[in-house]
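Report on one structure; see the data block that follows.
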Amino acid sequence: MSLKLRGMDGALAAWAPSAPPKAFVLVETKSAGPVTAARARAVAVAACGALEFLGYETVDAPAATVDLRVSVAPGTGPRLVVAPSSIETADFAAHGFSSEDFHYFCLKTHFRKPLAFRWDALAAARGELSDLRASARSLAGVTLEPSSRGVTGYQHRFREILSQDFDFPQALSCVWDGLRPGALSPGSKAAYLRTTLPALGLDIPLPGGS
């Protein structure tokens, strides 16, 4: 599977290695504000999940053997647009939110675009994440085998989306599309979540306990 990353000129450059490559995700937050730093960390977790899903081996240090380096550092990747006086701290817990809520919120905006932060938008993301957890719980007891024909099509589409410069917003939409009533059988939905949720860096108990 070819991974296409967007360069400084805005063009997508394909990366198609002949062997499973090693990848390093660069996160630099020393000069970032608290929210921007939190976003960079969230994107890094999602990027590592996506790379592993796409067949890459992520490493903790940029050694000489690393084949690919992906930057999610503030200024080169995530930026932040904040309404005046809307936020002064990244202490989400003090406002009733978890780091997982913020992670899901970050997935809804492409990591190369500015992030427009609002508390009501974060609350909406928390609600969506709660619904996603509920969907996973409802499939926890499913013992039916997945339909390979049905789930393969959705997984292929999900893979293609992630390979396009880590398009997490579209990948998230693809997950929800597979959970629509009648889209897939219960067994296929469970199998679908088992592969897609970790690829987005979402820490949600998976159907089947895997």
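The values are calculated or read from the model by the stated rules, or taken from the named source; none is laboratory data. Predicted model only: the values in this text are computed from it and were never measured. Because the Cβ atoms are built from the backbone with ideal geometry, glycine has one as well, and the counts that use them run over all protein chains shown. Heavy atoms of the whole protein, side chains included, go into the accessibility calculation; ligands, DNA and RNA do not. Shrake-Rupley method; radii C 1.70, N 1.55, O 1.52, S 1.80 Å.
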Among the residues of the range 182-200, the number that are of a type in the set (Lys, Arg) and surrounded by 23 or more Cβ atoms within 10 Å (Cβ to Cβ) is 1
Run down Ala19, Ala44, Ala23, Ala14 and say which single residue is under 18 Å from Phe105 (Cβ atoms) and small (Gly, Ala, Ser).
-> Ala44
Filtering the range 111-125 down to residues that are surrounded by fewer than 19 Cβ atoms within 10 Å (Cβ to Cβ) and part of a loop (DSSP other than H, G, I, E, B), which residue is farthest from the chain's Cα centre (by Cα)?
-> Arg118
Across the range 26-57, which residue is nearest to Ser98 (Cα to Cα) among those that are among the charged types (D, E, K, R) and either in contact (Cβ under 8 Å) with a residue 60 or more places away in the chain or crowded, with 23+ Cβ neighbours inside 10 Å (or both)?
-> Arg39
Exception for Glu128 within (1) open to solvent by 10 Å² or more (accessible area, probe 1.4 Å); (2) in contact with a strand residue (DSSP E or B) (Cβ under 8 Å, 6 or more places away or on another chain); (3) among the acidic types (Asp, Glu) falls at (2)
